[in-house]
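Input: a single structure, listed below in structure tokens.
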Amino acid sequence: MTLDTHPVTRRPADGPRPAPASVRAAVRHPVAALRWLWAYAMTPGAPGRPTTQQELRWLYGGWLLAFALKMLGSSWDVSWHFKWLRDDLAPPHLLNSAGTVLVVALVVVHSCSGRGVDRRALRWMQVGTATFLVAVPVDIMNHRINGLDITSWSPSHMLLYVGTGIMLAGAIRGWWLYAAPGRARTVVHLGLWLFFLENILFPNQHQEYGVLSLAAYRDGHTTAEPQLLDFAAAQGSSPTSFMLPVPPWVHPAWLIGAGLLALVVARRVVGLRWTATLLTATYLGYRAVVWGLLVATGFPPSVLPVMLLAGAVLVDCAVTWRVPGWLAGVPIAAAVFLAAFLQEFVAVIPPWEWQVAPFVCIGFALLWAAVDRVGRTDRWARWQVAVATDERAAPVPGGAPAR
């Protein structure tokens, strides 16, 4: 399930001046860089317009920066909400908003210039961004009406995740289609998938922060400020109800049914042998660094879902050895449950309802089997071809076969 073609990227004679060769060159000559950016962004064109590899790296480097800001803001935001009352202009919200502004700017550039995207990738970027922007005022109104509502599982928050996932899928497709094979293609591809994985797993962080915050509260040294606890009590919310607001089956079901399945798809699309393992290890490493920074600055810490790493390693092995999903799904999901059981002996984990293990394992196997089936269809083969309106963007052989 890896792309087998990429379009021609030679710059036409009537195109804009070449992109800056590097960030250092852009900083050294900022006026020239801004002139290039303005001419580049404001030159109308249809999706699939020829784009040089240097221009692609600038465009999708912007996507990486945007989602790095959004991920940092989101990570801080969860911990912030377990310490302070919500504030629309809180620092983590502003950091996340900076990333969102950059995303909107990038979508405008893609939409106007038609560069670095085909019609389908552009549509996903546009729909995802629109969904996210609609979700923002909906979420603000939700907090105005329902007060505290810090749960990551509220409908307005889920709308934010859906919008983020759709726009990321568009960016992944655009880079996947147009980047030439090589190290840069692989690194950026993995970076985009890392942000996609973080977005998928984000709702589970509520339980991963909440279980430690609740334990601290019960031990008499709460990490929440009194104003937060007083506000929750005034709403009739107990500490348990806002620190662990969902049933204990939700964390394992989402970790495996959504997180591990995303790793299956990433492994099949990227094609790198240890894709799932690398993405999971990087995600956990990032969470560990954030954990240290938050603790050092007096914010609540979280539990790390280390058990996911066991499933990621086995997913890589299963795809490499061409084990079908219907056969690999149950034992790999069971291995995640076993890893969680062992992790509970050495560290705290969010509440897990162990009785749901058979249902989660079977459900994961069925989802993986569905992914395998889609990967063998003619529709998937057609999906790998750029849907472009510019005839000069015809694809040429390239890419790497699925492994």
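Couple of notes before you dig in:
- Listed by first and then second residue, the pairs linking a residue in segment 311-338 that is in contact (Cβ under 8 Å) with a residue 24 or more places away in the chain to a residue that is not in a helix (DSSP H, G or I), with Cβ atoms under 7 Å apart and 6 or more places separating them unless they lie on different chains, are Asp316/Arg273; Asp316/Trp274; Thr320/Arg273; Thr320/Arg403.
- Pick from segment 260-297, criterion touching a Ser or Thr at 6+ places or on another chain (Cβ under 9 Å) and among the small types (Gly, Ala, Ser), ranking: nearest to Gln205 (Cα to Cα): Ala266
- Test for Leu366: is it more than 24 Å from the chain's Cα centre (by Cα) and either in a helix (DSSP H, G or I) or buried (at least 18 other Cβ atoms within 10 Å of the Cβ) (or both): no
- Any hit, segment 55-70, residues being within 20 Å of Thr164 (Cα to Cα), more than 16 Å from the chain's Cα centre (by Cα) and crowded, with 22+ Cβ neighbours inside 10 Å: yes
- Segment 319-335 - residue that is among the hydrophobic types (A, V, I, L, M, F, W, C) and in contact with a Phe, Trp or Tyr (Cβ under 9 Å, 6 or more places away or on another chain) and, of those, nearest to Val371 (Cα to Cα): Trp326
- Odd one out for Ala388 among (1) over 18 Å from Ala276 (Cα atoms); (2) modelled with pLDDT of 95 or more; (3) assigned to a loop (DSSP other than H, G, I, E, B): (2)
- Among the conditions (1) under 20 Å from Trp368 (Cβ atoms); (2) modelled with pLDDT of 95 or more; (3) of a type in the set (A, V, I, L, M), the only one that Ala281 does not satisfy is (1).
- Among the residues here, Arg273 does not qualify as closer than 25 Å to Trp368 by Cα and in a helix (DSSP H, G or I).
- Filter result (of a type in the set (S, T, N, Q) and over 30 Å from Leu367 (Cα atoms)) within segment 262-301: Thr297
- Flag if Val101 is at pLDDT below 80, loosely packed, with under 14 Cβ neighbours inside 10 Å and not polar (S, T, N, Q): no
- No other residue among Thr43, Thr51 is part of a loop (DSSP other than H, G, I, E, B), surrounded by 14 or more Cβ atoms within 10 Å (Cβ to Cβ), modelled with pLDDT of 70 or more and touching a strand residue (DSSP E or B) at 6+ places or on another chain (Cβ under 6 Å) apart from Thr51.
- Qualifying residue in segment 284-301 (condition: closer than 19 Å to Pro252 by Cα and assigned to a helix (DSSP H, G or I)): yes
- Wholly enclosed helices (runs of 4 or more DSSP H) of segment 134-233 bearing at least 1 residues modelled with pLDDT of 95 or more and at positive phi: none
- The residues listed here are Leu261, Leu229, Leu284, Leu194; of these, the one that is surrounded by fewer than 20 Cβ atoms within 10 Å (Cβ to Cβ) and under 24 Å from Val315 (Cα atoms) is Leu284.
The values are calculated or read from the model by the stated rules, or taken from the named source; none is laboratory data. Worth saying up front: this structure is predicted, and the values here are computed from it rather than measured. Cβ atoms come from the backbone with ideal geometry, glycine included; neighbour counts cover every protein chain shown.
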